[in-house]
1. Filter region 42-78 for residues that are touching a residue at least 60 places away in the same chain (Cβ under 8 Å) and among the hydrophobic types (A, V, I, L, M, F, W, C); which is farthest from VAL134 (Cα to Cα)?
2. Between residues in region 18-33 that are modelled with pLDDT of 85 or more and residues that are part of a loop (DSSP other than H, G, I, E, B), which pairs lie under 8 Å by C-beta distance while being six or more apart or on different chains?
Amino acid sequence: VLASTILVIVSPLIHHAESNAAMPLWGFLLGLLLVTTYAGYFGAGAGLPFFAMCVIGTPMTMHQAVAIKTPMILLANGSASVMFIIQGQVDWPIAITLAIGAFIGGYLGPVIQRVIPERIMRILVVLGGLILTVWLLLR
């Protein structure tokens, strides 16, 4: 989560240096493989690494990255969920509660972020990433 937060901080410098060019496809896919593995295994703060990969690895704007990270998280968590269900390791009341919250956040997040200027969104993402990093370290 901290590494992703740092990538979001430096992404304007990277995009400026490369004239907004995306990273090579193999690098982006390798990064996505690592992020989806993290998301499926840990899950905590997985949106931030997906967001960082989209901002660093593509010419997407921050608004586009927010919109695309939601279905990416759905796919990563959905495939991991199948494995947990098969293994019988699901606490259904908690899983259903989390699914409802994720659905609401996944639906409302992109709607809300469209009205937030990109500079403010970057600040909010970085602050959220730093807070989440500290929280995860303390846990």
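The values are calculated or read from the model by the stated rules, or taken from the named source; none is laboratory data. If you're wondering where the values come from, they're calculated on a predicted model, not measured in any experiment. Note that we place each Cβ from the backbone using ideal geometry, even for glycine, and neighbour counts take in every protein chain shown.
1. It comes out as MET62.
2. Qualifying pairs under 8 Å: PHE28/ALA22; PHE28/THR58; GLY31/MET23.
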